[in-house]
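Participant: This is the structure I have questions about; it appears just below.
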Amino acid sequence: MKIIKDPVHGYVEVEDFALSLLDSPALQRLRYIKQLGFSYLVYPGANHTRFEHSLGTMYLADVASRRFGLSDHDHTLVVAAALLHDIGHGPFSHASEPFIEMFLDRTHDDIEPIVEDQAGDRLREWGIDSSELCAVVQGNHPLSGIIHGDLDVDRMDYLLRDAYYTGAPYGSVDAQRLIRHLIHTSEGTILDENGVNAAESLLIARTLMRPTVYFHHVSRIGESMFQLAVMEHLKGANQEASEHLLRMDDATCMLALQNSENMVARDLAKRIYERRLYKRALYVGSDQVNSHLVEKGVTIEKCREFAGRIALKAGLHPHEVLVDIPSIPREMSLGVRVKNRHTVVGFNELSPRIRTLNATRREQWRLGVYTLPEYRESVIEYGCEVLHIRKPTRQDTLF
């Protein structure tokens, strides 16, 4: 056993089986994948990595499994799953997720090929089946709720960690108290009524961190520029080249884009590196947009189609306009039940705040159209026309 000093959780004990996994190539790669993608363009301290988050998730999974009194096998399974749960991420974390789905036909949770190839033998040495571990990560196992559920340790760690490294004072979660009041049963996780306030604080933290950190407009601009650079770089590329790029870490991927044969990819990568970013032309809420764009969300390909139409009308090159239409936030709900002295009831029955928080999350949604500063006025005009946006009344407040 070794002890690692973590800035969020303090001293973290790492058992021997976890140490062997820490040294696997799949996990070591996460040292070079930023947890928050392009949020470092907003918050200079947001350079923490998926490796640190994986270590923190492992620590909280260990606390939870001991609290639940799991068997030695189940404890090892859950802790190992927590440690490996993010090895499927591509460069800059969620920024490359659409391309993983597009080119690799999987999500970052579909980690079985990576686990078997790079950690399978190490897991078998400790009696862990890689398929069972992957089922835990994907939410298809009785123990999945610990790291993949409504009150999971993955979310607890990333909220605490992201708040710590960005300096945003909104991600406060009392993880230890929350875990202490969780009860693991054969029918799922039950929350003791004394943990209701801690659970509500997690939901509030998720809501407040969303516009401040996760969907900050500068981060979205950086992500949109990166995604267009990747699309341009991979034009005409075969499957092998696409897979190769998505297996890279952040620095290697950015270097590949900076040296791309595609001029647009090179320019965008250089702009990101030098923080010469596109600016907001339009940044509007759901009340100014047709409902079908809000409800369904729009693929990267469709966003590029919109951008091309706006650019054509404005007399610009297609890459000089970016359109970002995220999906509307999913309704937050806690499927866990709450146990008091007399009965067990649904969490939503005890906490009317969820309805308010869900309304707030919908109000936080924004459609963004970005361009170079000198083209902003024409992009505003034609962006409203192409996307059928009701023109904002005080556009100057965005600048």
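Where a number appears in this text, it was derived from the coordinates with a stated rule and is not lab data. Since the model is a prediction, treat every value here as computed from it, not as a measurement. In this analysis, Cβ positions are derived from the backbone assuming ideal geometry, glycine residues included, and neighbour counts consider all displayed protein chains.
Participant: With an 8 Å Cα cut-off and a minimum separation of 6 or more residues, compute the relative contact order for the chain in percent.
Facilitator: Dividing the mean separation by the residue count of the chain yields 15 percent.
Participant: Based on the Cβ-Cβ distance from ARG276 to HIS244, what FRET efficiency comes out when R0 is 41 Å, to the nearest 0.05?
Facilitator: Result of the calculation: an efficiency of 0.90.
Participant: Note down the Stokes-Einstein diffusion coefficient of the chain in µm²/s, whole number, using a Kirkwood radius over alpha carbon pairs, 10 °C, and 1.306 mPa s.
Facilitator: After rounding, the answer is 71 µm²/s.
Participant: Loop-only GluC sites (Glu not before Pro) in segment 206-282, please: DSSP not H, G, I, E or B, and at most 11 other Cβ atoms within 10 Å.
Facilitator: GLU261
Participant: Something else: In Å and whole numbers, how far do the C-alpha atoms of segment 17-103 stretch along each principal axis, longest first?
Facilitator: 43, 31, 22 Å, listed from the longest principal axis down.
Participant: Here is a further query. Which value, in debye to the nearest 20, describes the size of the charge dipole of segment 234-297 about its Cα centre when Lys and Arg Cβ atoms bear +1, Asp and Glu Cβ atoms bear -1, and nothing else is charged?
Facilitator: Rounded to the nearest 20 debye, it is 360 debye.
Participant: Using Cα-Cα distances under 8 Å and only pairs 6 or more residues apart, what relative contact order does segment 223-368 have, in percent?
Facilitator: Relative CO of segment 223-368 lands at 23 percent.
Participant: Report the far tail of the P(r) of segment 200-308, meaning the percent of Cα-Cα pairs longer than 24 Å.
Facilitator: 38 percent
Participant: Separation between the GLU301 and ASP16 pseudo-spin-labels, each 7 Å from Cα along Cα→Cβ, expressed in nm?
Facilitator: Those two pseudo-labels are separated by 5.2 nm.
Participant: Run the dipole for the chain about the Cα centre, Lys and Arg Cβ at +1, Asp and Glu Cβ at -1, nothing else charged, and hand back the magnitude in debye, nearest 20.
Facilitator: Around 1700 debye, computed over the chain.
Participant: Using a cut-off of 15 Å between alpha-carbon atoms, which aspartates and glutamates can reach LYS235, once sequence neighbours fewer than 8 places away in the same chain are excluded?
Facilitator: Cross-link targets: GLU243, GLU261, GLU301.
Participant: Let me check against my output: what whole-number percent is the relative contact order of segment 52-194, with C-alpha pairs under 8 Å and at least 6 apart?
Facilitator: 22 percent
Participant: Further question on the same structure: In whole angstrom, note down how far apart the Cα centers of segment 153-208 and segment 77-113 are.
Facilitator: 23 Å
Participant: Let's test the formula: R0 of 25 Å, r as the Cβ-Cβ distance of ASP117 and MET1. What FRET efficiency results, to the nearest 0.05?
Facilitator: 0.40
Participant: Specify the angular offset, from 0 to 90 degrees and rounded to the nearest 10, of the alpha carbon long axis of helix 217-233 from the longest principal axis of the alpha carbons in the chain.
Facilitator: Once rounded, the angle reads 80 degrees.
Participant: Normalised by the empirical 2.2 N^0.38 Å for globular proteins, what value does the Cα Rg of segment 53-189 take?
Facilitator: Scaled against compact globular proteins, the figure is 1.07.
Participant: Each residue of segment 245-256 in turn: what ³J(HN,Hα) in whole Hz from Karplus with 6.51, -1.76, 1.60 and θ = phi - 60°, glycine and Pro shown as x?
Facilitator: Couplings: 5, 6, 8, 6, 8, 4, 5, 5, 5, 5, 5, 4 Hz.
Participant: Under 12 Å from the Cα of LYS34, which aspartates and glutamates turn up, not counting those fewer than eight places away in the same chain?
Facilitator: Output for LYS34: GLU52, ASP86, ASP162, ASP249, ASP250.
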